[in-house]
Each structure stands twice: as structure tokens, then as C-alpha cells.
1. Restricting to Cα pairs below 8 Å that are 6+ residues apart, what does the relative contact order work out to for segment 196-328? Please round to a whole percent.
2. Using the Kirkwood radius over C-alpha pairs as Rh, can you work out the diffusion coefficient of segment 146-282 via Stokes-Einstein at 4 °C, viscosity 1.567 mPa s, in µm² per second?
3. Below 26 Å, Cα to Cα, which lysines can K153 reach? Residues fewer than 8 away in the same chain don't count.
4. Please compute the net charge surrounding Q394, taking Lys and Arg as +1 and Asp and Glu as -1 over other residues with Cβ under 15 Å from its Cβ.
Amino acid sequence: MQPEPLMPPMADTPPPPADAALTAPLRLRLADILHGLDDHFTRIGTTLERTVEAISAVVGTLGQISAALGDGDGSGAVGNLTRAAKRLYSVADQAARRADQVGHIRAVSARLTAQIHDLQRTLDALKIYGMNVKIAAGGARDFVDFADLMAQKLDMGKADAAGFDGRLAELEAGLASMLRSDSRLVNECARVVPQVPDRLIRDAGALASHQDVLAAMARTTGEIAATIQAKVATVLGAIQIGDIARQRLEHVLAGCEMLDAHLGGRPPGSPAEEAACHHVLALLHAQLEETAIDFRRETLVLVGSLHDLEPEANRLLALQTPAAPADHDPAQQHAGEAAFLRELESGIAEATAMIAQLQEADAQAEQTLGLIIATVADLIARAAAIRHLRVDVQLMAINIGLSCRRVEAIGRPMTVIANEIRSHAETLDGAVTHINAAASDLDGCSAAMRGTDRSGEVGTGDELALSLAMIRQGAQRTEQAIAVASQQSDTIATMLRKTRDELEVSLDLAKTIEAIAVRTADLAGSGNSDDPAAHAAIAALMNALGQIYTMASERVVHDRFLLHGMVPLANSQPTSGFGPGDAQDDDDDALFDDALF
């Protein structure tokens, strides 16, 4: 759609004015221009404001992309995939290390079992010696009591020794279960390793590359958007050229009204009035010419600035639509991205199934470790009980030996029995030492298994599931953000083109102002301003005009038409007379008082 013309073209012969005032045709034309000018630049300002809003929307969507890739989520998903792959690579080695530890544990268990059997035989022998004490004592109460007490202690010791067998049997069952679980896992890994972990590594690399591309696109888009935003802000500030032109035209219109008021709404009727009309109209003609020149120059600068923004806007659009063949179908691109996501999901699902088996094996190993720790604690406790039994038995043997010396009839056989009891008690001490050593060996095996199991990868299956959720959510958020950024980027390019077109139409205003300036010059004629009778009227009109100027450029033009003795507005120095050749040098500092000109 073509931009609306600023105003209809100026006809060669305007309709007759409603009044007979000298400048009535000029005033009507100026009023039309002012009305159209205000509407026109309001539209341009609104368009640029929408452009700034669109840029802000693009920057906002870039934040969404960064959020989708940031907060550790994007890199976390890649890290989870990589850790899972390494975990699967290490399954066979982990199972081999666990099997090696099981071998050590079984060897310790075998030695311990043999030692416990020896312990049980020693306890059986001690019980027999206790019965021999009762027989040899011939019913003597003290010896019978010793024998009964020793029998009670030995029964307790036999119960503790029997508990060793149950604990070791439970440990063996746990070891066998762990080996079966590891065996199943190793067999399954032999079928899918290295294919599955290799795929995970590839998927992790593809995901990282995909995220890098999106991050680079977001970063570049942000830089371009910031550049456009800064330049558009400058343009938005510079469209006050319309306001400046409006004010200058309003001042020309006010000058026409002042002149008509001075003439009483009629044409000039005397040479003095003609001289005053000539002088004031010549001044207004100069103001119109300068307005047209300045407006055209600054408008062309703005149009050039907007032209310079087009490559940036096109780059912004190109970033949202990656290079593709001419027949590229966006639906196919979307389908390709969906296929990429499905491929990731498929690889993660396959790996998750393997990780589930791995976690099952880890759980079994954890139970076995618990059994080993419980076994070690139980062995130490039972060994302590046996050690206490050994002390009790030795004390009883000493008491029997001492007591039998007071009874000569049974002294010799009882002494022999007491010595045997002490000898077997020493055997118990050796058994306790071996049991404690076995417990220490088992504790070492437990520490070795705990140090190599699972490689610190607790919860890998959960992490994979979390990664899949993060990838899905990130893809969805990124896709939505890119769609918004693409739409807003297109809006930015469209708004910039529209603003440029509107400003190019504005150049017609300069032509219209120039045409009015020509008519003003024609109306001024070639009269003479040197008529002394006109000086008072000219000075009064020019002083009134000087009071309404708002820009230094107007004052500079005004000073070119000062009569002798009048004070310049631009530099406050008296002038020697009127005429283009007597114009004072422009005050550059005053010129910078203008917002743009």
C-alpha cells in the first residue's frame, strides 16, 4: 500500500479567497499544509514507536531462548547423556571388578568356615572334659558345680559358633544373587555396547551443536536488534523536523495575519503600505525558502538513515529463516526438527532401559555390601563372645586344679583333666584371632566394592528421564520464541520500510513550501523598502514577528531584513541597513539551539 500523500498538489490557479485580504490565498494554503503536516508526522512517530516495541519483543524472545538453553538445563542435558554413555561403557569392567571381589570374599568365607568347624570341635571336646570332671569327682559337690557351669558356658559358645554358619550362608546367597544380576547385565551389554553409548555420545554432540547454533543465533540477533534499536531511537528523536517545520510555517502564517491586520484586511492603498508589504513579504519569502531547504535536507538525511537500516533488518530476517533452497518448505524444516527430537528421544529411551538394568544390578550390589557389613559386625561380636568363653573356661580349669589338691583321692586324674581343659582353651584363643582376621578381610573387600561400584553415578536413570523432559521443554520454548522473533523481525522490516516511504512522501512538502515561497515573492513584488514613511510600520511588524520566533535559524533569517538601527535578534549588534549584502554572519552556536536544523 502506497503511503498517503502529504497533501493534494497545489493548483496553478487556487480558488478565490473568501476574503479580500492581501495574503488570504497564502494563509489558506499554509493552513492546509499545517493540518496535513501534523497528521503525517504523527503517523510516522506512531510507526516508529511500534518498531521500537517490536524490537523490544525480539529482545524479550531472545531472553526466552537463553532461558531455554541456560539455567544449567541445556548443558545439564548434554552432561547427563555423556555421563550415561560413560556409565554403559564401564559396565563390563565394573562387573569384572565385582566378580574379583566376590572371589576374595568366598576365599575368606571358606577359610572362616574351616576355622569355625575347628572351633565347634574344640567346644565339643571341652564339653566331654566337663563330663569327665563330674565322673572323676565321684559326686563331690564343688566339682559337679564347676562342671555344670562350664557346660552352660559351652552351650552358649556352641550357639554362637552355629550362628557363624547361618551368617555365612546368608552372605553366600547374596553374593550369588549379585553375580546372577551382573551376569544378566553383562550379557545384555554385550548385545548393545558400544552401539547404545556411541549413539548417546553422538546425540549429546548433536544436542550441544544444536544448542550452540541457537545460542549464536540469539546472540547475533540481539546484537543486530540493539543496533537497529539505537538507530531507530535516533530517527525517532529526529522526526521533530516535522514539528520544527510546523512551527516555522505557523510563524509565517502569523506574519501574514499581522500584515493583513496592519492593512485592515484590504490590499495596500499607499506607497508606504506597499513598501511595508514588500519588506514583510520578502522576509516571509526568505523564511519559507529556508524552511523548504532545511526540511528537504534533514528529511533526506532521515531517508538515508532508514535506507542504511535495511541491510540490518534483512539480516535480522535472514537469521530467523536459515539459508535454504528456493523451494524450501517451512513445514519440512519443522518436520526435520521434530525428527531430530524424536531421534534423541529414541536413543535416550533405549539407554534408559539399559540404565534400569544397571540400577537393578547396583541395587543388588548395595544389598550385598550391606550383608558384608552386617556379617563383619556379627563376626566381631561372636568372636568377642568366644574370647570371653575362653577366659571363663581357663578360670574354671585353674579353679578345678586348685580344688583337687585338697582331695587326695581324685587329685591326680582331676589335674590331668584340668590341664586338657586349659590346652583346648588356648585353641579357642587362636580361633578368635583367625575369625577377627577374616572379618578384617571382609571389611577390606567391602570397601573395595564400594569404591568401584557405580562410579559415583547415582540416579543416572532419573537424570536421563530429566534430560528428556528438559530437551522437550527447551525445544518447545525455543520454537515458540523463534516464531515470535521471526514475526516481530518481519514487523520491524515492514515498519522501517513504511517509515522510509512516509518520509519520502514528505519530500513533496518541500516542493509545496517552495511553491508558496514563489507566490509570496510574486506577491511581494519589486517595491522599495527605503520609503521613510514605511519604516515605522516595518519596524513594528518585524518586532512583533521577532517575539514569536522559537528557533535560532528563524532569527538569523530575520536579521537579514533589519532596517538601519534595529537590534539583531541573533547577535544583538545594531545593523547598518537592510539587504542581502548586509546580512550578519550566522551565529553557529545559536543555530545549534535548534533541535535538528
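Nothing in this text is a laboratory measurement; each read-out follows from the coordinates by a stated rule. Here the structure is a predicted model, which is why all the values come from computation and not from measurement. So basically every Cβ, Gly included, is an ideal-geometry build from the backbone, and we count neighbours across all protein chains shown.
1. Dividing the mean separation by the residue count of segment 196-328 yields 40 percent.
2. My calculation gives 48 µm²/s for D.
3. Output for K153: K127, K134.
4. 0
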